[in-house]
1. Return P(r) of the range 184-404 (all Cα-Cα pairs; 5 Å bins starting at 0; whole %; ordered from short to long distances).
2. Counting only heavy atoms of the protein chains, get the accessible area per residue of the range 12-135 (1.4 Å probe) and round it to a whole Å² value.
3. Percent of accessible area on the chain owned by carbon and sulfur, 1.4 Å probe?
4. Under a 1.4 Å probe, what is the accessible area of the range 408-538 per residue, stated in Å²?
5. How large is the translational diffusion coefficient of the range 226-326 in µm² per second when you combine the Kirkwood radius over alpha carbon pairs with Stokes-Einstein at 20 °C and 1.002 mPa s?
6. Let me make sure I get this right: for the range 1-134, a, b and c are the square roots of the gyration tensor eigenvalues over alpha carbons, sorted descending. Under 1.5 in a/c it's rounded, otherwise prolate if a/b > b/c, else oblate. Which is it?
7. Using a cut-off of 15 Å between beta-carbons, work out the net charge of the residues near A274 (Lys and Arg +1, Asp and Glu -1, A274 not included).
8. For the chain, what value does the Rg/Rh ratio take when both radii are computed over Cα atoms and Rh is the Kirkwood radius, given to two decimals?
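The values are calculated or read from the model by the stated rules, or taken from the named source; none is laboratory data. What you see is a predicted model, and the numbers here were worked out from it, not measured in a lab. No Cβ is skipped: glycine too gets one built from the backbone with ideal geometry, and neighbour counts run over all protein chains shown. With ligands, DNA and RNA removed, areas are computed over all heavy atoms of the protein, side chains included. Shrake-Rupley method; radii C 1.70, N 1.55, O 1.52, S 1.80 Å.
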Amino acid sequence: MIKTVATTPFNDQKMGTAGLRRKSKIVTQPNYIENFVQSIFNVMGDLSDKTLLLGGDGRFYNDIAIQKILKIAAANGLKKMVVAQNGFISTPAGSVVIRKYKLSGGFTLSASHNPGGPDGDFGLKYSNESGGQVSTSVTSQIEKAALSLTEYKILEAPDVDISHLGSFKLGDMEIEVIDGIKDYVAMMQNIFDFAALKKLAASGFTMRFDAMNAVTGPYAKEIFEKLIGFKEGSVVNFVPKPDFGGLHPDPNLVYAKELVDFMFSAQAADFGAANDGDGDRNMILGKGFFVTPNDSLAIITDNFKLIPYYAKGIYGVAKSAATSTAVERVAKAHGIGYYEVPTGWKYFVNLMDSQRITFCGEESFGTGSSHIREKDGIWAVLFWLSIIAATGKTVEQIAVEHWQKYGRSYYIRFDFEGVDTAVADRLMADLENKLPSLAGRSFGDLTIREAKPFVYHDPVDGSVTKNGLVIYFADGSRITYRLSGTGSSGATIRVYLERLQMKDILQNPLDMVTPLGRIALEIAEIPERTGKHQADVVT
Ligand code: G16
């Protein structure tokens, strides 16, 4: 029985950097998820020939939302829904499945690295047939549709059992429950030399992977322990929990503290890594050593020849504007294309589809390649292990030798969290107006060469996107400001600081960028306007 339910619009169903993210308390309101999903279906149009993927990172409310989405999809005439067993799939594995089985797209229920649980966040990422998230022109259409929604359709039926593999029907819609792990593991085996990785594990080399009680636990157990042979216990926090066991599943120096403390202790493993809630972000550590995501992208790109899948050659490389310029120097050295895009993985998709780039990455702990259209946490870890297996060097040696060759972009990000949205918007608008007058101004030995908004002209579809404000200094240093697009309440002002040194490569990053930090706060009047004299999070 298809029921048509009268509803009133919610005025906040606007997707951010990666899908819709809201507090669980908001999403669990009556009709919230129903409205949003119906709005997506209204924009998709005829669903009778479409097959979508549905799954998520297992966080709180995933199970309920999955049942609702299945019934709304069936009522709207979707041909088929491919559902991950128990609703469980990582963002990169979802991209693998959409591409491999040529699906029309899919939904990943995740707020990524944001905490979960009734007091945490919930989210929905919507991908198209490329396995990457839809463009901003589509998200704006959905927002518009959501604002004028008056009804949604839902099938009145009992909940379906998605705990077993197999196919069945819900109304006229076909449902196929698939293993969310298998295809991803097969893809990793196709990219990397698992025999070489097995040798590394057998040599006594040790690793610790922190799944942060999130989606990658079962993937990591299978890949690192079972297939490669790292000893049991190498993967920690591997049982996914709806509230991530209270962890904030963001793999960085602040939130992956347990792993960082271990890797900087006397008992440290040779290699450490963590992934986020939905498995697309990664952090790489050596013994007492942290690799910034910026350097990780540069090092991965520089070593592409060591990986069978890429050894024959790669297209170019891209980074988000806020990411450091480390990879730009590698691209130049290898004579490959180089692109700078706005923050958000979706901006890489056109470049990959048009074979302009193979690798891409962002300062926000995301690295990936054109094997899929999402960033890929476990892929990055396997890439690093492969470099180590091929070179026999430690993480620290690899990074230091890289800096000796290419110079070092010292890089730190300051986050000012929980700022009133109106205050943050005003700060950015006033700063933008001020930018033209900054050129030529000096602060000690740092002189501003140019200051302007970052504007991206997509070479494939011609779209123009403005994202962030950048101050360029004569010595190659940069300050970038932007507002986070992944928060669920209030605003977060991000300030990205980069200082390039070609020779002086072994200093403390915070010391190196502190002068820039002071300038950044002064120019944007952050203390005066926000009441914050220092950042809430420094990464
Ligand atoms: C998402 C996007 C990333 C982007 C990040 C930035 O990551 O997928 O491409 O770099 O957001 O976040 P913000 O706008 O807060 O700076 P994820 O891992 O949350 O999906």
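1. Going from the shortest bin to the longest, the percentages are 1, 7, 16, 20, 22, 17, 11, 5, 1, 0.
2. Numbers: 3480 Å² over 124 residues.
Using a 1.4 Å probe on heavy atoms only, each residue of the range 12-135 averages 28 Å².
3. Working: 10280 of 20330 Å².
That fraction is 51 percent.
4. Working: 6050 Å² over 131 residues.
Counting only protein heavy atoms, the per-residue value for the range 408-538 is 46 Å².
5. Numbers: Rh = 15.7 Å.
The calculation lands on 137 µm²/s.
6. Details: a/c = 1.56, a/b = 1.07, b/c = 1.45.
Verdict is oblate for the range 1-134.
7. On the way: positive: R208, K221, K257, R281, K375; negative: D57, D210, D250, E258, D261, D276, D278, D280, D376.
Computed value for this residue: -4.
8. Details: Rg = 22.9 Å, Rh = 23.8 Å.
Checking Rg against Rh, the ratio lands at 0.96.
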